[in-house]
1. Ignoring ligands, DNA and RNA, what percent of the 1.4 Å accessible area of region 1-58 is carbon and sulfur?
2. Could you work out the local net charge near residue 37, counting Lys and Arg as +1, Asp and Glu as -1, over the other residues with Cβ closer than 12 Å to its Cβ?
3. Need one word for region 1-84: rounded, prolate or oblate. Basis is the Cα gyration tensor (sqrt eigenvalues a ≥ b ≥ c); a/c below 1.5 gives rounded, then a/b vs b/c decides.
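The values are calculated or read from the model by the stated rules, or taken from the named source; none is laboratory data. Computed from a prediction, not measured in an experiment: that's the story for all the values here. Positions of Cβ are backbone-derived with ideal geometry, glycine not excepted, and every protein chain shown enters the neighbour counts. We work out accessible area using only protein heavy atoms, side chains counted, and drop any ligands, DNA or RNA first. Shrake-Rupley method; radii C 1.70, N 1.55, O 1.52, S 1.80 Å.
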Amino acid sequence: MATPLFIAYDLDSPGQNYEAVREAIRSLGQWWQVQFSMFFVHAADDAETAFYKVRAAMDANDKLAVINAEGAVVTTWDSPPIAEVNAVWFNP
């Protein structure tokens with residue numbers, strides 16, 4: 001069964017290999033590019049596995065958030081806004 005994921009990223013200088021990151025995201029499964037650096041993917045993997053696959057295509061200074069559309073958050077942010085995301089997600 002596919003896992004619905006939102007994947008968003010910021011690529012900071014130096015580096016910024018956008019095509020490698022996008023290819024890593026597209027390789028996860030059926031996808032739609034929502035914005036320049038945000039995708040919705042029906043991935044064969046869970047959020048954590050998808051995170052590490054995409055992260056492998058990034059520089060250490062880049063930011064990545066892989067958000068399970070069922071409520072989980074995996075991110076490189078120091079203080080991910082999990083409570084705020086869940087407040088929006090579970091209270092439409």
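1. Carbon and sulfur: 54 percent of the exposed surface of region 1-58.
2. Working: positive: 22, 63; negative: 10, 12, 62.
Residues near residue 37 contribute -1 overall.
3. Values: a/c = 1.74, a/b = 1.17, b/c = 1.49.
Judged from the Cα gyration tensor, region 1-84 comes out oblate (a/c at least 1.5, b/c at or above a/b).
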